[in-house]
Amino acid sequence: MKIAILKESGAETRVAAIPETVTKYVALGASIAVEQGAGDKASISDADYEAAGATVGDRAAVLADADIILTVTGPDPATLGDAKRGALLLGALDPARRADDIAAYRAAGLDPLAMERLPRITRAQSMDILSSQSNLAGYKAVVDAAAAYGRAYPMMMTAAGTVSPAKLFVMGVGVAGLQAIATGRRLGAQVSATDVRSATREQIMSLGAKPIFVENVAGIEGEGQGGYAGEMSPEYQAAQAELVSSHIAKQDVVITTALIPGRPAPRLISDAQIATMRRGSVIVDLAAEAGGNVEGTAPGESVVRHGVTIIGAVQLARNLAADASALFARNLYNFLAAFWDQETGAPVLPEDDEIIKAIRAT
Ligand code: NAD
């Protein structure tokens, strides 16, 4: 089994294998070929990969005879001319938005596996690239907000007077939101949080934050189907808007993370509500790419409305390239190792397996 690790293109900083996972693949009996410079942006040198047991070469050499190709985001199909027919291609391939590229992979005889489609089941937890990257994004959102905020997070009693603690509000308490709460608390902010799924109330409290919930209209019971939210009723949305209006004017930093699978992100903060916030406040919208939770969000940009900075966060895990690569690489390794057949020295992917059915992109 030859496994190829490609160098990512464009804005991508992450890499799909790290020296630790290279060593583990070698222990499984695979040979590893890494494209030159693949780890540069994640602070991993070609020599580090070689020391772990990989060979390093150009893309053609790396792809030649490779049985498995590991990527972070799906490569341009035109750059895969040297790939062997039948090779597995693993990564966050984004089939919903890259249907043409997926068809081109297929036409080239590749077997694309869209790892972001893993089911949220216990067996798949260690392979879950969405969770590992969302967790880092939740952390980074709070840190980026701190950098943009002209005040401090913690309360400080000094000889020159007291610095009041920042009030930080997290909207959407999935993986990213939970880490945002934890990070805000560690940095000394006063944290509150909201979600539509009732199970998150206890999670918010267990992290020492204050739950802010719509009380007069029923939300989603428990975890919600598969742990996900759905579109809420007009009554709920109106009650939520009222709740946000009364709470948000007192907040200094807001982190929004609310997503609904297969739909645009719910709009949670209006321009009129932003206008009630104190000048210098900061909002980080982690749903920017999905349409945004905040009116006026521009993906990848920072805009100022009514004196409030709105950061349209995109793929924040990319700004923690070393850690994000390490977690992503381990997710891919955990997946391949779980399906590895020791006797043949190759992965076996049963057609009827719940995980395989979910991720096979064609
Ligand atoms: P997500 O990114 O889909 O959504 C983020 C959060 O936004 C969710 O908590 C959602 O309820 C919330 N939200 C949606 N609409 C909202 C609205 N109108 N107002 C306020 N909040 C709103 O979520 P995620 O981070 O992918 O996590 C989803 C669930 O999956 C969680 O329950 C998580 O614990 C679970 N999970 C399970 C596993 C596993 O068992 N393998 C792995 C990861 C996550």
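The values are calculated or read from the model by the stated rules, or taken from the named source; none is laboratory data. Since the model is a prediction, treat every value here as computed from it, not as a measurement. No Cβ is skipped: glycine too gets one built from the backbone with ideal geometry, and neighbour counts run over all protein chains shown.
Here are a few things to note about the model shown:
- Search result, residues across region 243-253 that are of a type in the set (V, I, T) and away from the ligand (no atom under 12 Å from the Cβ): I248, V253
- Residue count for region 102-117 under the criterion of being under 18 Å from Q315 (Cβ atoms), crowded, with 20+ Cβ neighbours inside 10 Å and not small (G, A, S): the result is 1.
- Selection count, region 171-192, where residues are within 16 Å of the ligand (Cβ to nearest atom), within 16 Å of V253 (Cα to Cα) and touching an Asp or Glu at 6+ places or on another chain (Cβ under 9 Å): 4
- Filtered residues of region 266-302 (kept if surrounded by fewer than 22 Cβ atoms within 10 Å (Cβ to Cβ), in contact (Cβ under 8 Å) with a residue 40 or more places away in the chain and over 17 Å from V142 (Cα atoms)): none
- Condition broken by P261, with the remaining ones in (1) under 19 Å from A199 (Cα atoms); (2) out of contact with any Phe, Trp or Tyr (no Cβ under 6 Å at 6 or more places or on another chain); (3) not small (G, A, S) satisfied: (2)
- Close contacts from region 230-259, counting a first residue that is under 25 Å from A148 (Cβ atoms) and a second that is polar (S, T, N, Q) and more than 13 Å from the ligand (Cβ to nearest atom), with Cβ to Cβ under 7 Å and a gap of 6+ residues or different chains, come to V244/Q273; S245/Q273; I248/Q273; I248/T276; A249/T276; Q251/S281; D252/S281; V253/S281.
- Identity of the residue in region 143-170, more than 15 Å from the ligand (Cβ to nearest atom) and closer than 30 Å to S233 by Cβ, that ends up surrounded by the most Cβ atoms within 10 Å (Cβ to Cβ): L168
- One residue stands out in region 179-191 among those that are touching a helix residue (DSSP H, G or I) at 6+ places or on another chain (Cβ under 6 Å) and in contact (Cβ under 8 Å) with a residue 40 or more places away in the chain: the one that is surrounded by the most Cβ atoms within 10 Å (Cβ to Cβ), namely A180.
- Number of the exception - S325 against (1) under 24 Å from K140 (Cβ atoms); (2) free of Cβ contacts under 8 Å to residues at least 24 places away in the same chain; (3) not aliphatic (A, V, I, L, M): (2)
- Strands (runs of 3 or more DSSP E) fully within region 8-99 that include at least 3 residues being in contact with a strand residue (DSSP E or B) (Cβ under 6 Å, 6 or more places away or on another chain) and in contact (Cβ under 8 Å) with a residue 24 or more places away in the chain: 31-35, 68-73, 88-92.
- Residues that are assigned to a helix (DSSP H, G or I), within 7 Å of the ligand (Cβ to nearest atom) and over 23 Å from the mean Cα position of the chain (by Cα), drawn from region 193-242: Q240
- Residue check for A258: assigned to a loop (DSSP other than H, G, I, E, B), in contact with an Asp or Glu (Cβ under 9 Å, 6 or more places away or on another chain), at pLDDT 95 or above and within 13 Å of the ligand (Cβ to nearest atom): yes
- Residue within region 78-99 that is modelled with pLDDT of 95 or more and acidic (D, E) present: no
- Flag if A124 is modelled with pLDDT of 95 or more, within 12 Å of the ligand (Cβ to nearest atom) and out of contact with any Lys or Arg (no Cβ under 9 Å at 6 or more places or on another chain): yes
- Boolean, A145 is part of a loop (DSSP other than H, G, I, E, B) and modelled with pLDDT of 95 or more: no
- Residue count for region 261-272, restricted to those that are more than 14 Å from the ligand (Cβ to nearest atom) and not charged (D, E, K, R): 1.
- Any chance N319 is under 18 Å from the mean Cα position of the chain (by Cα), at pLDDT 95 or above and within 16 Å of the ligand (Cβ to nearest atom): no
- Restricted to region 313-356, and to residues there that are part of a helix (DSSP H, G or I) and of a type in the set (D, E), the residue that is surrounded by the fewest Cβ atoms within 10 Å (Cβ to Cβ) is E354.
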